[in-house]
1. Looking for whichever is farther than 30 Å from G7 by Cα, open to solvent by 30 Å² or more (accessible area, probe 1.4 Å) and modelled with pLDDT of 95 or more here; the options are T330, T314. Which one fits?
2. Any idea which of (1) farther than 30 Å from V13 by Cα; (2) part of a helix (DSSP H, G or I); (3) open to solvent by 10 Å² or more (accessible area, probe 1.4 Å); (4) among the small types (G, A, S) is the one A276 doesn't satisfy?
3. Go through region 1-42 and report how many residues are charged (D, E, K, R), under 18 Å from the mean Cα position of the chain (by Cα) and assigned to a loop (DSSP other than H, G, I, E, B).
4. If you take the residues in region 51-94 that are among the hydroxyl-bearing types (S, T, Y) and out of contact with any helix residue (DSSP H, G or I) (no Cβ under 8 Å at 6 or more places or on another chain), which one is nearest to L36 (Cα to Cα)?
5. Residues to consider are S185, S206, S196; find the one that is modelled with pLDDT under 95 and closer than 21 Å to V88 by Cβ.
6. Here are V89, V128: which of them is buried (at least 20 other Cβ atoms within 10 Å of the Cβ), touching a Gly at 6+ places or on another chain (Cβ under 8 Å) and closer than 21 Å to L234 by Cβ?
7. I need every pair where a residue in region 40-56 that is surrounded by fewer than 21 Cβ atoms within 10 Å (Cβ to Cβ) has its Cβ under 7 Å from the Cβ of a residue that is among the acidic types (D, E), sequence separation at least 6 or different chains.
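The values are calculated or read from the model by the stated rules, or taken from the named source; none is laboratory data. Computed from a predicted structure; not experimentally measured. Cβ coordinates were reconstructed from backbone atoms using ideal geometry, including for glycine residues, and neighbour counts include every protein chain displayed. For accessibility, only protein heavy atoms count, side chains too; no ligands or nucleic acids. Shrake-Rupley method; radii C 1.70, N 1.55, O 1.52, S 1.80 Å.
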Amino acid sequence: MEYRSLGRTDLAVSAICLGTMTWGQQNTEAEGHQQLDYAIDHGINFLDTAELYSIPPRAETQGATERIIGSWMKARGNRDKIVIASKVVGRTPMNWFRGGRPSKLVRADIEHAIEGSLKRLGTDYIDVYQLHWPDRHVTQWGSNPTSYRVPAPAADEVPIEETLGVLADLVTAGKIRHVGLSNESAWGTMRFVTASERGQGPRVVSIQNAYNLLNRTFEVNLAEIAMREQVGLLAYSPLAQGYLSGKYQNGARPAGARTTLFQRGDRYETPGAAEAIDDYLAVARDFGLDPAQLALAFVTSRPFVTANIIGATTIEQLATDIASVDITITSEIENRLDAVLQRRGNPCP
């Protein structure tokens, strides 16, 4: 396993990060513990979670994933060996996070969120505390749209500097070590960087956005920021919710798969997506590679990626995903993948 620096910090995180959002609905606590044991045994030291999880978001299962991680760390006694990234929800009408009212990125709501996460995780601090999505209104899917329509600002939009000030206090209190963004745009990322350079709060160390072969729009503006400002990408949905594995090809719906269970795959069923998926699966076939491993290896190989967030519902899937670190993206493979991009573009938001 390769380890990479997290932003400008002294933390070294595994190039593969274990995503955990299925634990508490698709996966039981025992299955979550089994995945964690396997991942740690194979060199992963980086976990990603959120107060929102498990997915899909429901009041009944909110916080379940953090509780499962917490019970595992308590049983194993290994908190000091793990780097934990969690998230506070952005502006949302979902009212179960704050006791029956909507939430924003203001002091009261962030402090409420961090206390809940610390309690569920059974820890005194979180290594990377991320803003799950911006407080301001943004276009669909946040930072990775394939087209952009400027939403009208909310009348009570919370300034970035105000939110960053709250996070600064949490760093001072020792409750969080570092700050990260998620579903953020190039404009928003640079506003956070600029504010910290003016002494208005901690410097963000990472940005967690969707990035995969069906949507490489991160490369257009954010990749340069990630590299020059050391705000590395924590890439989520590297398999496009499993679509790049081929398991949903030609309308297939395997038993127990996320799209089968929850019908939440519309993000990867847009016009042109099926054709692009077919082309990427053909590249994998021509090179004798597992399509999931090819898609994951591509993401991990990008110079602006700090960690590739994988997720699995079975140990077999997890083993396949982690083994993607053994795949090398040669220039020949990259040329074929780039040819599909030129032909099919970025069909998915």
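1. So the residue among T330, T314 that is farther than 30 Å from G7 by Cα, open to solvent by 30 Å² or more (accessible area, probe 1.4 Å) and modelled with pLDDT of 95 or more is T314.
2. Tallying (1) farther than 30 Å from V13 by Cα; (2) part of a helix (DSSP H, G or I); (3) open to solvent by 10 Å² or more (accessible area, probe 1.4 Å); (4) among the small types (G, A, S), A276 fails exactly one: (3).
3. Residues meeting the conditions: 0.
4. Here the answer is T61.
5. The conditions single out S185.
6. Being buried (at least 20 other Cβ atoms within 10 Å of the Cβ), touching a Gly at 6+ places or on another chain (Cβ under 8 Å) and closer than 21 Å to L234 by Cβ holds for just one of V89, V128, which is V128.
7. none
One line per residue, one yes/no per condition, for (1) in a helix (DSSP H, G or I); (2) of a type in the set (D, E, K, R); (3) over 17 Å from the mean Cα position of the chain (by Cα):
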position: S54; (1), (2), (3): no, no, no
position: P57; (1), (2), (3): no, no, no
position: D80; (1), (2), (3): yes, yes, yes
position: N95; (1), (2), (3): no, no, yes
position: L105; (1), (2), (3): no, no, yes
position: D109; (1), (2), (3): yes, yes, yes
position: H112; (1), (2), (3): yes, no, yes
position: E115; (1), (2), (3): yes, yes, yes
position: L118; (1), (2), (3): yes, no, yes
